[in-house]
Amino acid sequence: MADVRIILVGFGTVGKGFLNVVIEKKSFLKEIYGLNLHINAVFKSDGGFISNTNTGLDIQSLLSIKDYKEHPQWVKDVKAYDKIPEMEADIVVELTPTNIGDGEPGLGHIRQALKSGKDVVTANKGPLVVAFQELITLAEENKRFLHYEGAVGGAIPVFSLARENLKSSKIISIEGILNGTTNFILSRMVSEKIPFEIALKEAQELGYAERDPSYDIDGIDAAGKLLILTNTILRRPEERFVKFDEIKIESIRNITQEAVELAEENNLVIKHVASAKEGKLEVGPKLLPKTSPLAVSSTLNSITFKSDLAGEITIIGEGAGGRETASAVLTDIITIFKKRIKTKNNN
Amino acid sequence: MGSYNIRLELELKDTPGQLLMALEPIARFGGNIRGIYHERERKEVDSLPVVFLFELEDLKNLSRIKTALEDKGIKVIKFLKDAEIFKKIVLLIGHVFATNILDTLDRIMACGVRVREVYAMINRPEDPSTVKLFIEADEQKKLDITMEELEKICEEKNLMLIKS
C-alpha cells in the first residue's frame with residue numbers, strides 16, 4: 001500500500017467535488033491501485049485547514065461543516081503560497097479559479113510546489129496559458145510531474161488519449177468544441193428557435209453561464225484550452241511554444257437567429273469551434289454538418305484528433321462540472337503514482 | 001473533397017413504381033438528386049428514357065449505382081460525369097447590403113469561383129442581415145483563395161463570416 005500525501009489548493013465547486021470523489025473512491029483506490037490518499041491540507045484564499053496527524057484531515061467534516069471557520073483545523077490567513085514549500089507532501093492539487101490575465105494565484109502555487117519537489121495536478125487553465133513553457137521546464141528541471149487532464153474537456157481523457165493511446169501516430173490537427181456554455185447557447189438557438197439573448201439568459205438561469213458571460217461566449221476560455229492542447233499535443237520538441245495572442249478569436253455574440261435557420265436548411269449547424277490546423281490557431285463560429293461527430297449538443301464538449309496513422313478520432317463528454325473534473329484530477333493522481341512506483345522499482 | 005455532377009440516362013418501363021425503383025440505389029449510394037426528366041419523344045412501346053441529374057461525392061459509388069440498377073433489371077443507356085466541383089457554403093452577418101453586396105460578390109467571383117446561389121434574410125434597416133452564399137469552384141485552391149479574400153472583405157466591412 002502506498003500513501004499519497006496531498007495538499008489541495010482551492011475549496012470551490014471543483015475542490016469540493018474532488019474531496020467527495022476521494023471519499024467515494026477510497027476503497028476502490030486501495031483495492032485496485034494500492035493507494036491510500038491523505039489530504040494533509042486544504043487551502044482557501046483566507047486561510048486553510050491543516051492536518052496535525054499523519055493520516056490527514058477528516059474530509060467528511062470539512063464538507064459537512066456549516067461555517068468552515070469553526071472547523072478545529074482551520075487556520076486563519078495562512079497562505080498556500082507560503083505553506084506549500086514547508087509542508088511534507090507528494091502532490092499539490094491546484095484547483096483555484098482560472099485567471100487567464102496573470103495566472104494567479106494558481107501560477108504561484110504551482111511554481112512553489114514544483115520547486116519544493118512536489119508533483120502537481122491541476123485543472124486550472126490560467127497558469128498553463130500564462131506560463132506554459134516556464135512550468136513545463138520547471139517540472140523537468142525538478143524531475144516532477146505536472147498533469148492537467150481536467151484543464152481541457154473536463155472528464156474527457158484528452159491528453160492521455162493523445163499521449164498513451166495514439167503513441168504510434170503523429171497528430172496533425174486538433175478541432176473541438178471546448179466550451180460547454182457556448183455550445184448550450186448555440187444548441188438552444190437551434191432546437192428552440194430562440195435568439196442569442198434569450199438562450200444566454202437561459203444559460204445564466206441554469207447556472208451554465210456567469211453573470212458576465214464574456215469569458216465563455218467571447219471564446220477566451222476555449223482559446224486558453226486550445227493553447228494548452230497545441231503546446232502539449234501538436235508541438236514537436238524542436239518547435240517553439242505558441243502564445244495566447246497568436247490565436248484568432250471570434251465571439252458568438254453576433255450570431256443571428258436567421259443564420260441558424262439558413263444553416264439548418266442545408267443540414268448544417270453553427271458551432272463555436274476551436275481549431276489548430278496547418279499552423280493556424282482559431283476559435284470562432286463555424287458551419288458543421290449536423291452529422292459531424294463534432295456537432296454535439298447541450299453542454300457537451302467534443303474533440304477530433306487528426307493523425308497520420310489512426311485517421312480521425314473524436315471523443316465526446318461533459319467538459320465541466322465538479323464531479324467530472326474531479327474524475328480527471330483523480331486519474332492524474334493515479335497516473336503519477338503508478339509512474340513513481342515504476343521508477344522506484346526500476347531503480 | 002469535391003463532388004461530381006452526374007447525368008445518368010436509364011431505360012425505364014412505362015409502369016408505376018419504376019421511377020422510385022430507379023431512385024433508390026442513387027439515394028442509397030449518396031447521390032443528391034438535382035433533376036429528373038422524361039424524354040417522351042423518344043418513347044418506345046413499353047419503355048421510355050429517363051434522365052437523372054445528381055451530385056455524387058464519392059465517384060466509386062457510380063459503379064455501385066450502375067450495378068444495383070442493372071440488378072433490378074433497369075437498363076443503363078449512358079452516363080456522363082462533369083469535372084469535379086468544389087463547394088463551400090458561407091454565412092455573412094452584419095450590414096451586408098449597406099456595405100455594397102454587389103462589390104462583395106464581384107470580389108468573390110474575381111477569385112475564379114462561381115456564386116451559385118444567394119439567400120438573404122433581412123430585418124429592419126438598422127438590424128444586421130444574414131446572407132448565405134453557395135460558392136463553387138473547379139479547384140480547391142480557388143476556394144481557399146476565395147476564403148482568404150472573404151476574410152479580408154469581412155474585416156473591412158465589419159461583417160461576421162461563418163465558413164463551412
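The values are calculated or read from the model by the stated rules, or taken from the named source; none is laboratory data. As the structure is a computational prediction, the values presented were derived from the model and not from experiment. As a convention, Cβ positions derive from the backbone with ideal geometry for all residues, glycine included, and neighbour counts pool all protein chains shown. The accessibility values were calculated without ligands, DNA or RNA, using every heavy atom of the protein model including side chains. Shrake-Rupley method; radii C 1.70, N 1.55, O 1.52, S 1.80 Å.
In table form, for the structure just shown:
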item: Amide proton proximity set for residue A:269, modelled H, under 5 Å, gap of 5+; result: A:288, A:290
item: Overall Cα dimensions of the protein assembly as shown, principal axis frame, Å, largest first; result: 100, 55, 46
item: Estimated [θ] at 222 nm from DSSP helical runs (n ≥ 4, -39500 (n - 2.57)) normalised by residues in chain A, nearest 500; result: -10500 deg cm²/dmol
item: Listed residues A:32, A:100 arranged by accessible area, highest first, probe 1.4 Å; result: A:32, A:100
item: Phi-based couplings in Hz for region A:159-170 (Karplus 6.51, -1.76, 1.60; Gly and Pro marked x); result: 6, 5, 5, 5, 6, 9, 9, 10, 4, 7, 9, 9
item: Karplus 3J(HN,Hα) series, Hz, for region A:213-218 with 6.51 cos²θ - 1.76 cosθ + 1.60 (x for Gly, Pro); result: x, 4, 4, 7, 6, 8
item: Cα gyration tensor, region A:289-347 - rounded (a/c under 1.5), prolate or oblate; result: oblate
item: J(HN,Hα) series, region A:141-157, from Karplus relation 6.51 cos²θ - 1.76 cosθ + 1.60, nearest Hz, glycine and proline x; result: 4, 8, 6, 10, 8, 10, 10, 8, 4, x, 6, 10, x, x, 7, 6, x
item: Pairwise centroid distance, computed over Cα atoms, of region A:244-286 with region A:121-149, Å; result: 29 Å
item: Cα-centred dipole magnitude for region B:79-123, charges only on beta-carbon of K, R (+1) and D, E (-1), debye, nearest 20; result: 120 debye
item: Built amide H within the under 5 Å cut-off of residue A:146, gap 5+; result: A:120
item: Per-residue SASA entry for residue A:184, accessible area with 1.4 Å probe, Å² rounded to 10; result: 10 Å²
item: Percent of alpha-carbon pairs separated by more than 22 Å within region A:166-291; result: 40 percent
item: Most to least accessible of A:88, A:246 (protein chains only, probe 1.4 Å); result: A:88, A:246
item: Dipole-positive endmost among B:134, B:109, B:95 within region B:86-163 (Cβ charges, Cα centre); result: B:134
item: Nearest-10 value in Å² for the accessible area of residue B:38, using the 1.4 Å probe; result: 80 Å²
item: Chain A, accessible area per residue, ligands and nucleic acids excluded (1.4 Å, Å²); result: 45 Å²
item: Per residue, in Å², the accessible surface of region B:4-81 once ligands and nucleic acids are set aside, probe 1.4 Å; result: 58 Å²
item: Largest-first ordering by accessible area, 1.4 Å probe, given options B:105, B:133; result: B:105, B:133
item: 20 Å Cα-Cα reach of residue A:243 towards lysines, excluding residues that sit fewer than 8 places from it in its own chain; result: A:125, A:225, A:277, A:280
item: Cut-off under 5 Å, modelled amide H: who pairs with residue B:90 long-range; result: B:133, B:135
item: Computed magnitude of the charge dipole of chain A (debye, nearest 20; Cβ of K, R +1, Cβ of D, E -1); result: 1140 debye
item: Carbon plus sulfur fraction of accessible area for region B:4-81, probe 1.4 Å, in percent; result: 52 percent
item: Loop-located trypsin sites (Lys or Arg not before Pro) in region B:67-156, at most 12 other Cβ atoms within 10 Å (DSSP); result: B:72
item: Heavy atoms of residue A:95 accessible to a 1.4 Å probe, total area in Å² rounded to 10; result: 20 Å²
item: Fraction of accessible area attributable to carbon and sulfur, chain A (%, probe 1.4 Å); result: 49 percent
item: Heavy-atom accessible area per residue - region B:86-163, 1.4 Å, Å²; result: 50 Å²
